[in-house]
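The values are calculated or read from the model by the stated rules, or taken from the named source; none is laboratory data. None of the values given here were measured: they were computed from a predicted structure. Here the Cβ positions follow ideal geometry from the backbone for every residue, glycine too, while neighbour counts run over all protein chains shown. Side chains included, ligands, DNA and RNA excluded: accessible areas come from the protein's heavy atoms. Shrake-Rupley method; radii C 1.70, N 1.55, O 1.52, S 1.80 Å.
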Amino acid sequence: MKYLILMAFLAVRLSAPKQVPVFTEFQPFQQAHLENLHPDTTYIYNFWATWCRPCIAELPYFEKFNEKHKDEPYKMVLVSLDFEDKVETAVKPFMERKNIKSDVVVLADGKASEWIDKIDSSWSGAIPATLVAKGDRRLFFEKSYETYDALTSDLLKIDKNE
Amino acid sequence: MNKLLIGLVAVITLAAWTTKTQGYKVGDKVDSFSLKGVDNKMHAMEDYADAKGYIIIFTCNHCPYSVAYEDRIIALNNKYAPLNYPVIAINPNDPDLYPSDNFKNMKIRAKEKGFTFPYLMDEGQHVYPKFGATKTPHVFLLDANKVVQYIGAIDNSTDASGVTKKYLENAVDALRNGKKPNPNYTKAIGCSIKTKK
């Protein structure tokens, strides 16, 4: 029976087109993604947008990391800050074109001055930016990555005492 | 002894803090700058003899967040320039990295939108790092003495119809009434300013 459920789950996962949840308000995003985190899982949130060139340039590194660590307790979420009216016209076509495998959500709450600090108080609001969370630990990087190694080095810091 | 120790710790903490954060803070006096505008003329704060303050906005062509605020920036200048708080817009981006932000395209955009304020190119990217601007749009409100009184966002909503707090207007109005802006620091999402390596 367990096996059957697993099979059904896999079948759905493989066949269903990728869903893109859209959060027009911050609070539901916070509830769904930043609260009640599994203590042993490393969560990686990359804040990006289809119009942001340095963001687009570094996405392949995030995708590669996600692919390499897919059997480990990592959870990658690409948080698009595209405007709500661009979800169908820009975000989804982009994901299809680039064959994005990581989970994508759109955070389209325009009242950013009220939620930026809730992501990280050091964030100026510029993108790209990346939040890494594990247990009670948080690391925040307001920068863009030029290489896969540079990204990996930062992401893995969450498991080190630095 | 205790007092000395506390004092020492405070000095060290302050030193660490100032080296970590870059650019002007509220209360800092801004250095003069002279930059070329889309009218091909050089512009400086000193051009405004009667200025009671300056609304410096780092913005650009390519960034959707900047574009979303264009009409509001025009409205701000139309409202506050006659009250001697002119808008001065500066494009901080390297045009080699974003061709849509080059001088020619700045001229085209300024004409299309009918910018009523100077739109300046931060040639060589020397000015924006002094301000500590990290993104577009990013606002710095200065008083008559060129001292920073407010840093941050224009208002609290990217979508103009959703605005419920006009941070920048409230800050200018506070200065006009001889008061300190509150809040004097806000945040917004923006496009990171790109510099050549």
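Quick look at the values:
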| item | result |
| --- | --- |
| Relative pair counts by distance (%), Cα atoms of region B:65-152, 10 Å bins | 15, 49, 32, 3 |
| Region B:80-197: relative contact order as a whole-number percent, Cα under 8 Å and 6+ apart | 24 |
| Residues of region B:80-95 with amide N under 15 Å of a point placed 7 Å along Cα→Cβ from residue B:196 | B:93-95 |
| Other protein chain Cβ atoms within 10 Å, averaged over every residue that makes up B:148-157 | 2 |
| Long-range amide H partners of residue A:23 with built H, under 5 Å | A:106, A:107, A:108 |
| Where only alpha carbons of the protein assembly as shown are counted, the Rg and the Dmax (Å) | 22.5, 82 |
| Peptide ranges B:144-150, B:60-66, A:103-109 listed from the most packed, as the mean C-beta count within 10 angstrom indicates | B:60-66, A:103-109, B:144-150 |
| Separation of the residue B:42 and residue B:170 label points, Cα + 7 Å toward Cβ, nm | 4.0 |
| For region B:27-192, accessible area per residue (1.4 Å probe, heavy atoms of protein chains only), Å² | 41 |
| Normalised per residue, the volume of the convex hull around the Cα set of region A:18-157 (Å³) | 105 |
| Unsatisfied cross-links (Cα-Cα over 23 Å) in the set A:64/A:111; B:107/B:194; B:79/B:166; A:157/B:25; A:86/B:36 | A:64/A:111; A:157/B:25; A:86/B:36 |
| With 10 Å bins from 0: P(r) over chain B, alpha-carbon pairs, percent | 9, 35, 35, 14, 5, 2, 0 |
| Helix-only mean residue ellipticity at 222 nm for chain A, each DSSP H run of n ≥ 4 adding -39500 (n - 2.57), per residue, nearest 500 | -10000 deg cm²/dmol |
| Rounded percent of accessible protein surface that carbon and sulfur make up, region A:18-157, 1.4 Å probe | 46 |
| Sequence-distant residues sharing a close amide H with residue B:135 (under 5 Å, placed H) | B:193 |
| Rounded to the nearest 10 Å², the accessible area of residue A:56 at probe 1.4 Å | 40 |
| Whole-percent carbon and sulfur share, accessible surface of chain B, 1.4 Å | 57 |
| Per residue accessible area in Å² of chain A, where ligands, DNA and RNA are left out and the probe is 1.4 Å | 55 |
| Cysteines not pairable in chain B (beta carbon separation under 4.7 Å absent) | B:60 |
| Per-residue average of Cβ from other chains inside 10 Å of B:183-193 | 6 |
| Region B:183-192 - phi-based ³J(HN,Hα) in whole Hz, Karplus 6.51/-1.76/1.60, Gly and Pro as x | x, 10, 8, 9, 10, 8, 6, x, 8, 4 |
| Longest segment of chain A lacking trypsin sites (Lys or Arg not before Pro) that sit in a DSSP loop with at most 11 other Cβ atoms within 10 Å | A:71-159 |
| Gain on full stretching of the segment that runs from residue B:147 to residue B:185 - 0.36 nm per residue minus C-alpha separation | 12.3 nm |
| ³J(HN,Hα) computed for each position of region A:53-61 - Karplus, 6.51 cos²θ - 1.76 cosθ + 1.60, integer Hz, glycine/proline x | 4, x, 5, 4, 5, 8, 4, x, 5 |
| Whole-angstrom gap from region A:88-162 to region B:94-173, using each part's C-alpha centre | 25 |
| Heavy atoms of residue B:109: accessible area, 1.4 Å probe, square angstrom to 10 | 60 |
| Accessible area buried, both sides summed, chains A and B with 1.4 Å probe, Å² | 1900 |
| Where labels lie 7 Å past Cα in the beta-carbon direction, separation of residue B:104 and residue B:50 in nm | 3.9 |
| Leading residue at positive end of dipole, the protein assembly as shown (Cβ point charges), from B:118, B:189, B:68 | B:118 |
| Amide hydrogen neighbours beyond the local backbone of residue B:91, cut-off 5 Å, H modeled | B:59, B:120, B:121, B:122 |
| Derived scalar couplings ³J(HN,Hα) [region A:68-74; Karplus, 6.51 cos²θ - 1.76 cosθ + 1.60; whole Hz; x for Gly, Pro] | 5, 10, 5, 9, 10, x, 10 |
